[in-house]
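Novice: My structure is below; once you've seen it, I'll send some questions.
The values are calculated or read from the model by the stated rules, or taken from the named source; none is laboratory data. Note that this is a predicted model, so its numbers are computed, not measured. FYI the Cβ positions are ideal-geometry reconstructions off the backbone, even for glycines, and counts take in every protein chain you see. Accessible surface areas use protein heavy atoms only, side chains included; no ligands, DNA or RNA. Shrake-Rupley method; radii C 1.70, N 1.55, O 1.52, S 1.80 Å.
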Amino acid sequence: MLKKFTGLVVALCIATPAVAQVETPSQLYGRLFEDVQMKHVFPDGKTFVDAVANDPPATIMERYRQESARPGFDLSAFVRRNFTVPRSVGTAYHSVPGEDVCRHIDSLWRVLERAPDKIFPAGHSSLLPLPESYAVPGGRFNEIYYWDSYFTMLGLEASGRHDLALSTERNFVSLIDRFGHIPNGNRSYYLSRSQPPFFASMVELIAAGSSDPAAAYAAFLPALAREYAFWMEGADTLEPGMAHRRVVRLKDGTLLNRYWDDSDRPRDESYAEDVATARASNRQASDVYRDLRAAAESGWDFSSRWLADAKALATIRTTALVPVDLNSILFQLETTLAKAYAASHEPEKAAELTARARLRKAAVRRYLWDPRDGVYADYLWQQDRSTGRITAATFYPLFFGLATPAEANSVAKVARASLLKPGGLVTTTIESGQQWDAPNGWAPLQWIAVQGLANYAETSLGQTIARRWMNKVVTAYRITGKLMEKYNVADASVVTGGGEYPTQDGFGWTNGVLRKMLVLYPGAVTDVRCPRAAANDNLPSSQPQPDKKRSVGP
C-alpha cells in the first residue's frame with residue numbers, strides 16, 4: 001500500500017512540466033508594464049498581469065517601441081490588440097432565486113472548478129499550469145490560492161467532492177516539486193512569496209478521510225519536508241538577534257518565524273498602489289515594498305495588525321513582527337512532519353521534529369502570550385515586546401493546541417468582550433479602512449476560532465460565533481443571491497466593504513466554511529438543513545466516476 005502511494009507521488013512529480021526560469025510580467029514587459037499600471041489602463045492592476053499575450057513578448061515589445069513613438073498613440077487600444085484580457089470568474093453565472101444555500105454551494109463548485117491548465121508558450125501567460133483540476137475563489141481570483149484552499153477543501157469534503165479536494169492537494173505537491181514551495185497562487189508574480197502554510201493541515205484532512213492514514217502521511221512526506229525546508233531556510237547558521245528571510249533567532253537563541261517576500265519591488269498586481277504607498281512614507285521604498293509583500297504572504301493584506309500607527313499603510317512593518325498565526329501553523333507542520341517520518345519508519349527524524357515542535361510550543365507561549373491583555377498577540381522581535389493588538393489571530397494557538405486551558409479561557413473572555421459582533425467574529429478591534437480590520441469578518445477566522453474554542457471545551461462562545469456568522473452569510477445570500485469573500489459583521493444593514501479592491505463574490509472559502517458549519521450545526525440557521533453529501537454525489541455527469549473506495553495519497 002505504501003509503495004503504491006509513494007509511486008503515485010513520484011509519477012506526479014515526473015509528469016509535471018518543469019519550469020526552470022519564470023519571468024514576471026514586470027520583467028517581461030518593462031516600460032510597457034509600468035506605463036499600463038501607472039496610467040491605470042485598467043481599474044484593477046491585476047487585470048493586465050493576468051492577460052494572455054497574443055504574440056511572443058519580444059514581438060510585442062518591439063511593436064510597442066515603434067508604435068508608442070507615433071503621434072496619437074492609444075495605449076489602451078494597443079494593449080487590447082496585443083493581449084487577451086481576462087474576465088471575472090462567474091460573470092455569466094446567475095444564482096437561482098430562492099435556491100437553498102446548500103444546493104447553491106454544491107452546484108457552485110462546478111462554476112469555480114478549473115480543469116488541468118493549458119500550457120502557454122513561454123512568457124505568454126503569468127499562469128503556472130497545474131496538472132489536475134482545482135477550485136478558484138471567484139471574482140478577480142481566477143487561479144488557485146494557497147491558504148484559501150484548505151478552507152475550500154472543508155466544504156468540498158462536506159459536499160461529497162473528495163475528488164476535487166484530493167486533486168487540489170496533488171497540485172500543491174506539483175508546485176512544491178517544481179518551485180520548492182507553494183507560492184501565494186499559481187502565477188509567476190506570486191513566486192517570490194508563499195501564504196500561511198496550511199499544506200500540513202490539508203494532509204491531515206486527506207489522511208482523516210482515508211482508509212490508511214499512515215500511508216497517506218508517508219506518501220506526502222517528501223512534499224512536507226520540502227515545505228518545511230522552505231520556511232526554515234537559513235535557520236541553522238542564524239546568529240542570535242538576527243533574522244534571515246522567514247526565520248528569526250531571538251537574543252536568547254529562540255527560533256521563530258516571520259512573513260517575508262524575496263522581492264523588494266512593487267507587487268506586479270498592485271504596482272501603482274504600492275508606489276503610492278512608498279511615496280507617502282518617509283522610509284526607503286524597498287523596505288516598504290518588502291513589508292507590503294510580506295503582509296500579502298500573511299493573507300491579511302492589509303490590516304492595522306501590521307501598521308506601526310494602526311492607521312496609515314505607509315507605516316507597515318510586517319517583517320518586524322513574529323506573528324502568532326504563522327508560528328502556530330508551523331508547530332502543526334512540525335507535528336505532521338513527525339507523523340510522516342514515523343509512518344515512513346524514520347524514528348530518529350520523527351523524534352527530531354517532535355522536539356522542534358515542543359520547543360516552538362514553549363516559545364510561542366513564552367513570547368506571544370500577552371498577560372496584560374490576556375490574549376495571544378504578535379511580537380516585535382527587535383523591541384522585545386508584544387504589539388498589544390487584540391486580533392482574531394489569537395485563536396490560532398487554540399486551533400492547533402498550543403494554549404493552556406487557562407489561556408484558552410482568557411482568550412474566550414476577551415474575544416467575547418472585544419471581538420464578538422452581531423454577525424460573528426470581527427477581525428480586529430480597529431477600524432482603519434483596511435479589509436482585514438473591523439468591521440469585517442472572514443470565513444477562515446470564524447472557522448479557526450470556532451474549532452479552537454471547541455478544542456478547549458469553550459463551546460458556548462464557539463457556537464455563538466458560528467450561529468451569528470452563518471446567519472449573517474445566509475441572510476446576505478437570500479438578499480443578494482451571492483456569497484462574498486468577507487462580511488461586515490458589526491452592522492446588519494451592510495453586507496461588506498473596505499480594502500484595496502472591490503468586494504469579490506464566489507467565494508471559495510466562504511462556501512467551504514459555511515457548507516461545513518451547516519453540517520456541524522444543524523438548525524443554527526432557520527429553514528436550512530445541510531447534511532453531508534455522499535461521496536461523488538455532486539460530480540459533473542461528464543466526469544468519470546472514481547472507484548467507490550477512496551484513494552488516500554497523491
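Novice: Would you tally the residues in region 243-254 being touching a helix residue (DSSP H, G or I) at 6+ places or on another chain (Cβ under 6 Å) and either among the charged types (D, E, K, R) or in a strand (DSSP E or B) (or both)? Spell out the reasoning first.
Specialist: At the first step, the residues of region 243-254 found to be touching a helix residue (DSSP H, G or I) at 6+ places or on another chain (Cβ under 6 Å) are 246-247, 254.
If we keep only those that are either among the charged types (D, E, K, R) or in a strand (DSSP E or B) (or both) too, we end up with 246-247.
Final tally of qualifying residues: 2.
Novice: Here's a follow-up. Looking only at region 302-317, decide whether some residue is in contact with a helix residue (DSSP H, G or I) (Cβ under 8 Å, 6 or more places away or on another chain), among the hydroxyl-bearing types (S, T, Y) and farther than 22 Å from L445 by Cβ.
Specialist: First, the residues of region 302-317 that are in contact with a helix residue (DSSP H, G or I) (Cβ under 8 Å, 6 or more places away or on another chain): 302-303, 305-311, 313-314, 316-317.
Cutting the leftovers down to among the hydroxyl-bearing types (S, T, Y) gives us 303.
So of that shortlist, the ones also farther than 22 Å from L445 by Cβ come out as none.
No, region 302-317 contains no residue that is in contact with a helix residue (DSSP H, G or I) (Cβ under 8 Å, 6 or more places away or on another chain), among the hydroxyl-bearing types (S, T, Y) and farther than 22 Å from L445 by Cβ.
Novice: Would you say E204 is among the charged types (D, E, K, R), within 16 Å of L330 (Cα to Cα) and open to solvent by 20 Å² or more (accessible area, probe 1.4 Å)?
Specialist: In short, yes.
Novice: If you take the residues in region 427-458 that are over 19 Å from Q504 (Cβ atoms) and out of contact with any helix residue (DSSP H, G or I) (no Cβ under 7 Å at 6 or more places or on another chain), which one is surrounded by the most Cβ atoms within 10 Å (Cβ to Cβ)? Outline the logic, then answer.
Specialist: Residues of region 427-458 that are over 19 Å from Q504 (Cβ atoms), as a first pass: 428-432, 438, 448-458.
Still in the running and out of contact with any helix residue (DSSP H, G or I) (no Cβ under 7 Å at 6 or more places or on another chain): 431, 438, 457.
Numbers: E431: 16, A438: 22, A457: 11.
Out of the qualifying residues, it is A438.
Here's the yes/no breakdown for (1) within 30 Å of A524 (Cβ to Cβ); (2) open to solvent by less than 60 Å² (accessible area, probe 1.4 Å); (3) of a type outside the set (A, V, I, L, M, F, W, C):
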site	(1), (2), (3)
K39	no, no, yes
F48	no, yes, no
D55	no, yes, yes
R65	no, no, yes
V79	no, yes, no
V101	yes, yes, no
R110	yes, no, yes
R114	no, yes, yes
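Novice: Let me ask you something else. Just to be sure before I move on: is D287 surrounded by fewer than 24 Cβ atoms within 10 Å (Cβ to Cβ), part of a loop (DSSP other than H, G, I, E, B) and out of contact with any Cys (no Cβ under 8 Å at 6 or more places or on another chain) in the structure I sent?
Specialist: Working: surrounded by fewer than 24 Cβ atoms within 10 Å (Cβ to Cβ): yes; part of a loop (DSSP other than H, G, I, E, B): no; out of contact with any Cys (no Cβ under 8 Å at 6 or more places or on another chain): yes.
So D287 fails the test.
Novice: Quick one: in region 18-31, of everything that is without any contact (Cβ under 8 Å) to a residue 40 or more places away in the chain and not hydroxyl-bearing (S, T, Y), which residue is surrounded by the most Cβ atoms within 10 Å (Cβ to Cβ)?
Specialist: Keep residues of region 18-31 that are without any contact (Cβ under 8 Å) to a residue 40 or more places away in the chain, which gives 20-21, 27, 29-31.
Within this subset, residues satisfying the condition of being not hydroxyl-bearing (S, T, Y) are 20-21, 27, 30-31.
Details: A20: 5, Q21: 5, Q27: 15, G30: 13, R31: 11.
In this case the residue turns out to be Q27.
Novice: Give the residues of region 242-264 that are without any contact (Cβ under 8 Å) to a residue 60 or more places away in the chain and either of a type in the set (K, R) or open to solvent by 10 Å² or more (accessible area, probe 1.4 Å) (or both), sorted by residue number. Steps first, please.
Specialist: Within region 242-264, the subset without any contact (Cβ under 8 Å) to a residue 60 or more places away in the chain is 242, 244-247, 249, 252-253, 264.
M242, H244, R245, R246, R249, D252, G253, D264 - these are the residues of region 242-264 that are without any contact (Cβ under 8 Å) to a residue 60 or more places away in the chain and either of a type in the set (K, R) or open to solvent by 10 Å² or more (accessible area, probe 1.4 Å) (or both).
Novice: Filter region 171-183 down to the residues that are assigned to a loop (DSSP other than H, G, I, E, B) and open to solvent by 10 Å² or more (accessible area, probe 1.4 Å), then identify the one that is nearest to Y134 (Cα to Cα).
Specialist: So in region 171-183, the residues assigned to a loop (DSSP other than H, G, I, E, B) come out as 180-183.
Next cut, open to solvent by 10 Å² or more (accessible area, probe 1.4 Å) only: 180-181.
Working: G180: 20, H181: 18 Å.
Among those that are assigned to a loop (DSSP other than H, G, I, E, B) and open to solvent by 10 Å² or more (accessible area, probe 1.4 Å), it is H181.
Novice: Could you count how many residues in region 411-426 are in contact (Cβ under 8 Å) with a residue 24 or more places away in the chain and open to solvent by 30 Å² or more (accessible area, probe 1.4 Å)? Outline the logic, then answer.
Specialist: At the first step, the residues of region 411-426 found to be in contact (Cβ under 8 Å) with a residue 24 or more places away in the chain are 411-416, 418-426.
Add one more test, that the residue is open to solvent by 30 Å² or more (accessible area, probe 1.4 Å), and what stays is 413, 416, 418, 421-422.
Adding up the residues that qualify gives 5.
Novice: Pull up region 364-398, narrow it to residues that are open to solvent by 30 Å² or more (accessible area, probe 1.4 Å) and either in a helix (DSSP H, G or I) or aliphatic (A, V, I, L, M) (or both), then point me to the one that is nearest to V322 (Cα to Cα).
Specialist: Checking each candidate, the answer is Y367.
Novice: For region 305-326, how many residues are hydroxyl-bearing (S, T, Y) and in contact (Cβ under 8 Å) with a residue 40 or more places away in the chain? Lay out the reasoning, then the answer.
Specialist: Restricting attention to region 305-326, the residues satisfying the condition of being hydroxyl-bearing (S, T, Y) are 315, 318-319.
Then drop every residue that is not in contact (Cβ under 8 Å) with a residue 40 or more places away in the chain, which leaves 318-319.
Of the residues in region 305-326, 2 are hydroxyl-bearing (S, T, Y) and in contact (Cβ under 8 Å) with a residue 40 or more places away in the chain.
Novice: Here are the criteria: (1) touching a Cys at 6+ places or on another chain (Cβ under 7 Å); (2) without any contact (Cβ under 8 Å) to a residue 60 or more places away in the chain. Tell me which single one D177 does not satisfy.
Specialist: (2)
Novice: Now a separate question. For region 218-234, what are the residues that are farther than 30 Å from F48 by Cα, surrounded by fewer than 18 Cβ atoms within 10 Å (Cβ to Cβ) and not charged (D, E, K, R)?
Specialist: A225, A229, G234
Novice: What number of residues in region 472-491 are polar (S, T, N, Q) and open to solvent by less than 50 Å² (accessible area, probe 1.4 Å)?
Specialist: Residues of region 472-491 that are polar (S, T, N, Q), as a first pass: 475, 480, 488.
Imposing the further condition that a residue be open to solvent by less than 50 Å² (accessible area, probe 1.4 Å) reduces the set to 488.
Matching residues across region 472-491 total 1.
Novice: Among the residues in region 313-326, are any over 19 Å from V364 (Cβ atoms) and out of contact with any strand residue (DSSP E or B) (no Cβ under 8 Å at 6 or more places or on another chain)?
Specialist: The answer is yes, given that some residue of region 313-326 is over 19 Å from V364 (Cβ atoms) and out of contact with any strand residue (DSSP E or B) (no Cβ under 8 Å at 6 or more places or on another chain).
Novice: Of everything in region 291-317, what is in a helix (DSSP H, G or I) and either open to solvent by 20 Å² or more (accessible area, probe 1.4 Å) or over 19 Å from T429 (Cβ atoms) (or both)? Give them in sequence order. Walk me through it before giving the result.
Specialist: We begin by selecting, within region 291-317, every residue in a helix (DSSP H, G or I); these are 291-298, 304-306, 313-315.
The answer is D291, L292, R293, A294, A296, E297, L313, A314, T315.
Novice: What number of residues in region 179-230 are out of contact with any helix residue (DSSP H, G or I) (no Cβ under 8 Å at 6 or more places or on another chain) and among the hydroxyl-bearing types (S, T, Y)?
Specialist: Final tally of qualifying residues: 2.
Novice: Next up: For region 34-77: of the residues being farther than 25 Å from S270 by Cβ and of a type outside the set (D, E, K, R), which is nearest to the chain's Cα centre (by Cα)? Walk me through it before giving the result.
Specialist: From region 34-77, those farther than 25 Å from S270 by Cβ are 55-56, 58-59, 62-63, 65-67, 69-73; that's our starting set.
From the residues that got through so far, the ones that are of a type outside the set (D, E, K, R) too are 56, 58-59, 66, 69, 71-73.
Details: P56: 32, A58: 34, T59: 36, Q66: 41, A69: 42, P71: 45, G72: 43, F73: 40 Å.
Taking the candidates together, the pick is P56.
Novice: Another question, then. What are the residues in region 265-284 that are open to solvent by less than 10 Å² (accessible area, probe 1.4 Å) and part of a loop (DSSP other than H, G, I, E, B), if any?
Specialist: P266, R267
Novice: Kindly indicate which of T391, T429, T404 is within 15 Å of G452 (Cα to Cα), free of Cβ contacts under 8 Å to residues at least 60 places away in the same chain and among the polar types (S, T, N, Q).
Specialist: The conditions single out T404.
Novice: Shifting gears a bit: With the structure loaded, tell me whether Y341 is assigned to a helix (DSSP H, G or I) and farther than 20 Å from T459 by Cα or whether it fails that test. Show your work before the answer.
Specialist: Working: assigned to a helix (DSSP H, G or I): yes; farther than 20 Å from T459 by Cα: yes.
Yes; evaluated as a whole, the condition is true for this residue.
Novice: Oh, and also: Return only the number of the condition from (1) modelled with pLDDT of 95 or more; (2) on the phi < 0 side of the Ramachandran plot that N282 does not satisfy.
Specialist: Every condition holds for N282 apart from (1).
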